[in-house]
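Since every read-out is calculated from the coordinates, none of them should be taken as a lab result. On a predicted model such as this, the values are computed, not experimentally measured, just so you know. Backbone-built Cβ (ideal geometry, glycine too); neighbour counts: all protein chains shown.
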Amino acid sequence: MKPNLLYLAAGCGLAGLLVFAMPSGPLGAYNISAKGRVHERLAYLSQLCREAGQQAGCDIPADRKTLQQVKWKQGKYWRAVRWPDDPTGQINPLGIGKVAVNVGLGGCGNYRNDKGSFSGLLCNSHLGKLQFMHAMRSREAETPAETRALIAAWAGFAFDVASGRQDPQENFCTAIRARGDPLAAALAPEGFPFCEGSETGARPHPAWRVSTLFAMRCRSPISSGTCNELTGDGAIAAARDNARGALLHLIEDSYSRSHTARAESKPTGPYQPVIDCLPVREFYFYEDNKKRHSAADSMPEFAASCRAGGAVLDPVTAGAQMLALIERSDDAAQREAVALVMDRVLGGG
Ligand SMILES: [Zn+2]
């Protein structure tokens, strides 16, 4: 658990501590908000369904009020399911001002991957090359096939980490690059500065391991230029937990009308908080819908399509099936996990 100092060159600095309300932005959909807790509730329902052995078809909440009443803090995964939204542990009373400025008010704009070597996990996850973690387009010109390929690669990698198939201590770039593009181009592109450690220069740092991605903490309320990572058993546990949470998050986000168009909502809304269990017809790009993105950010209800027994599962059932596959963890389970995301969560294609 001894912190390991990391110099991230993550940008995302902030002069002074400011206290903001949550911005309307990608922190909106199914996200970390005081009133929402949608990810947390859906993850708990998936957990309960899996524990009851009913993952062939989970019960889903009858209405918004029923979902609202789910006691999410009794669940095992409420912290981990937040990981893609808060990959470096900044959303807390001290860090929220920095997050609000960088994600909500444009601070990340100077640090996108296409403008520099690495812009930090928070900025990239919400606004940059890693938006596939939220079932969104990562570039404006990205085709649906490219988005799907990124999601499939990410699901396979996250599954391997969550299930223990991937050694969390392996060098990050070695592990990611062995999987080829598109994942390598997104997560460990040429010029990524942390493939190897450096003991000299202005910013000495260790090489990233796989666990670094999942176990980094940028606690300073002022800047994310220097961060820590968990080490040892703490890092291994965090990697497996947060990778599991990332899979649940990916599944859940894909049903947000702020992230994808299912049903008749193509191409630009409506953004009501309704979960449609129909194939994804379009992945949205945050820059295109940022003004309306948070409109789907309240307790969702499940459309009739989620009770129709179609090819696309509801997110609670899909999450429960993913948890069961992670427990199985063999080669077939890995293939089934990717197929679950591509065929039974996204559908179509
Ligand atoms: Zn998300």
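Worth a mention:
- Across the stretch 169-242, C-alpha contacts under 8 Å between residues 6 or more apart give a mean separation that, scaled by the residue count, equals a relative contact order of 26 percent.
- Per residue, the average separation of C-alpha pairs within less than 8 Å and at least 6 apart gives the stretch 241-344 a relative contact order of 25 percent.
- Sorted peptide list for 70-77, 182-189, 327-334, criterion being average Cβ within 10 angstrom, highest first: 182-189, 70-77, 327-334
- Were the residues from Glu196 through Leu94 laid out at 0.36 nm apart, the gain over their Cα-Cα distance would be 33.6 nm.
- FRET efficiency estimate (nearest 0.05) - Cβ-Cβ, Arg281 to Gln69, R0 30 angstrom: 0.40
- Nearest-0.05 FRET efficiency for Lys291 and Ala56, computed from C-beta distance (R0 45 Å): 0.65
- Available extension along the chain between Arg335 and Ala263 is 23.2 nm, counting 0.36 nm per residue and deducting the alpha carbon span.
- Peptides 130-136, 166-172 ranked from most to least packed by the mean count of surrounding Cβ atoms within 10 Å: 130-136, 166-172.
- Ranked by how many other Cβ atoms sit within 10 Å of their own Cβ, fewest first, the residues Arg240, Arg257, Arg335 fall in the order Arg335, Arg240, Arg257.
- Extension gain, Asp167 back to Lys76 (0.36 nm per residue minus Cα-Cα distance, nm): 30.5 nm
- Residue exposure sequence - Asp276, Asp343, Asp253, Asp233 - by fewest surrounding Cβ within 10 Å: Asp233, Asp343, Asp276, Asp253
- With the charge dipole of the stretch 240-349 set up from +1 on Lys and Arg Cβ and -1 on Asp and Glu Cβ about the Cα centre, the Cα lying farthest toward the positive end among the listed residues Ile251, Pro300, Val312 is that of Pro300.
- Sites Thr226 and Ala185 - FRET efficiency at Förster radius 35 Å, r taken between beta-carbons, to 0.05: 0.85
- Exposure proxy order (Cβ contacts within 10 Å, fewest to most) of Met216, Met322: Met216, Met322
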